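Enquirer: Can you keep this structure in mind? I'll have questions shortly.
None of the figures in this text is laboratory data; all of them are computed from the coordinates on show. Keep in mind that this is a model prediction, so the values were computed, not measured. Here Cβ is always computed from backbone atoms with ideal geometry, including for glycine, and neighbour counts include all displayed protein chains.
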Amino acid sequence: MVRSHTVTGGAAAASRSALDEATLLVADPHRSPAGLGAHAQRAMTLCRPGVLSVAEVAYHLRLPGAVVKMIVAGLVHSGHLSARAPYTPAAGRHDLDFLQQVLDALHKL
């Protein structure tokens, strides 16, 4: 078992508080992972083919999400990864009659 502070290089908290499990990560193809720690290199390798969320990187690294957030925050800060919010479609107007039907059906349960 490897202690979390060993994996993160002693960091106690992520430097980017905006990162969460759904944050999408994209690797900069022009940045070399040389010189990075083993877990940071693996995170870069995982993100190179496309986009992965912080949660997916944590799963593949088999590390807790909080630890991966610290690793990823360092990679974002150094420019190795870019982070962006997940796509969420804009909410449209809902049909009130339909919503009332759903509510009525739920009350019947």
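Enquirer: Collect residues whose amide H, placed 1.01 Å from N in the peptide plane, falls under 5 Å from the amide H of LEU52; neighbours closer than 5 in sequence don't count.
Expert: Result for LEU52 returns LEU25.
Enquirer: Okay, moving on. With r as the distance between the Cβ atoms of LYS108 and ALA18 and R0 = 35 Å, compute the FRET efficiency 1/(1 + (r/R0)^6) and round to 0.05.
Expert: Computed FRET efficiency for ALA18 and LYS108: 0.25.
Enquirer: Okay, next question. How would you rank LEU52, LEU109, LEU25, LEU46, going from fewest to most other Cβ atoms within 10 Å of each one's own Cβ?
Expert: Sorted ascending by nearby Cβ count, the order is LEU109, LEU46, LEU52, LEU25.
Enquirer: Continuing with this model, one more query. Quick one: length gained pulling ALA55 to TYR87 fully straight, 0.36 nm per residue minus the C-alpha distance?
Expert: Here the segment from ALA55 to TYR87 would lengthen by 10.0 nm.
Enquirer: When a footprinting reagent is the concern and you count Cβ atoms within 10 Å, what order do ARG31, ARG93 take, fewest first?
Expert: ARG93, ARG31
Enquirer: I've got another one for you. Within the set of other residues whose C-beta is less than 13 Å from the C-beta of GLU21, count the net charge using Lys and Arg as +1 and Asp and Glu as -1.
Expert: -1
Enquirer: A follow-up question, please. Within a 10 angstrom radius of the beta carbon, how do LEU24, LEU75 rank from fewest other beta carbons to most?
Expert: LEU24, LEU75
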